[in-house]
Amino acid sequence: MRTPIDFTLKTGWSFDTKRRLFTSESGETFSPFSDLPKGTRIVYKVPQLARASRTKLSAAERDLQRYMQVILPSGEKASKYRPAVDAWPAVEAAQMGPAVSLPKSPKP
């Protein structure tokens with residue numbers, strides 16, 4: 001199982017999944033993919049809210065729009081890339097996602 005890098009966008013920033021760019025309300029843009037290996041995906045944690053207009057959302061929904069993940073290709077260590085993600089101009093904070101594993105089978 002891969003460990004994602006979870007991050008929160010700064011207020012006023014969004015990510016365009018088609019153009020693969022972060023954009024601020026003031027028009028500043030940032031392309032993160034030069035810092036990441038080929039095959040990396042950046043996804044919203046709540047995709048339905050990502051496509052919604054901010055003006056039609058509640059404050060809580062707008063906050064949820066800011067939560068994202070970097071999903072690296074198999075074999076890549078998330079800990080290696082977390083400092084770079086944390087330094088992006090669009091990112092408020094980045095941290096390692098939870099380690100996912102299957103439960104251990106009980107001993108007979």
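The values are calculated or read from the model by the stated rules, or taken from the named source; none is laboratory data. Just so you know, these numbers come straight off a predicted model, no measurement behind them. Note that each Cβ is placed from the backbone with ideal geometry, even for glycine, and that neighbours are counted across all protein chains shown.
Limited to the stretch 12-40, what total is found for residues that are in a helix (DSSP H, G or I) and loosely packed, with under 11 Cβ neighbours inside 10 Å? I'd like the intermediate steps shown before the answer.
Going through the stretch 12-40, the residues in a helix (DSSP H, G or I) turn out to be 32-35.
Checking the rest, the ones that are also loosely packed, with under 11 Cβ neighbours inside 10 Å come to 34.
Residues meeting the conditions: 1.
Is it the case that some residue within the stretch 41-56 is in a loop (DSSP other than H, G, I, E, B), touching a Gly at 6+ places or on another chain (Cβ under 8 Å) and loosely packed, with under 13 Cβ neighbours inside 10 Å? No - not one qualifying residue is present in the stretch 41-56. Taking first residues from the stretch 58-84 that are in contact (Cβ under 8 Å) with a residue 40 or more places away in the chain and partners that are among the acidic types (Asp, Glu) and in a strand (DSSP E or B), the Cβ contacts under 9 Å between residues at least 6 apart in sequence or on separate chains come to ARG66/GLU92; TYR67/ASP6; MET68/ASP6; GLN69/ASP6; VAL70/ASP6. Which residue, of LYS104, LYS80, is more than 14 Å from the chain's Cα centre (by Cα), basic (Lys, Arg), part of a helix (DSSP H, G or I) and loosely packed, with under 12 Cβ neighbours inside 10 Å? Exactly one of LYS104, LYS80 is more than 14 Å from the chain's Cα centre (by Cα), basic (Lys, Arg), part of a helix (DSSP H, G or I) and loosely packed, with under 12 Cβ neighbours inside 10 Å, namely LYS80.
Name the single residue, out of those in the stretch 1-19 being hydrophobic (A, V, I, L, M, F, W, C) and over 17 Å from ALA52 (Cα atoms), that is farthest from the chain's Cα centre (by Cα). Give the steps one after another, and end with the answer.
Kept after step one, since they are hydrophobic (A, V, I, L, M, F, W, C), are these residues of the stretch 1-19: 1, 5, 7, 9, 13, 15.
If we keep only those that are over 17 Å from ALA52 (Cα atoms) too, we end up with 1, 5, 7.
Details: MET1: 17, ILE5: 7, PHE7: 5 Å.
Per the criteria, the residue is MET1.
So, in the stretch 58-75, exactly how many residues are exposed (fewer than 15 other Cβ atoms within 10 Å of the Cβ) and in a loop (DSSP other than H, G, I, E, B)? Number satisfying all stated conditions: 4.
Checking every residue in the stretch 41-62 against the condition of being among the hydroxyl-bearing types (Ser, Thr, Tyr), at pLDDT below 95 and touching a helix residue (DSSP H, G or I) at 6+ places or on another chain (Cβ under 7 Å) gives at least one match.
Close contacts from the stretch 13-27, counting a first residue that is touching a residue at least 60 places away in the same chain (Cβ under 8 Å) and a second that is assigned to a loop (DSSP other than H, G, I, E, B) and of a type outside the set (Ser, Thr, Tyr), with Cβ to Cβ under 6 Å and a gap of 6+ residues or different chains, come to TRP13/ALA90; PHE22/ALA90; SER24/GLY12.
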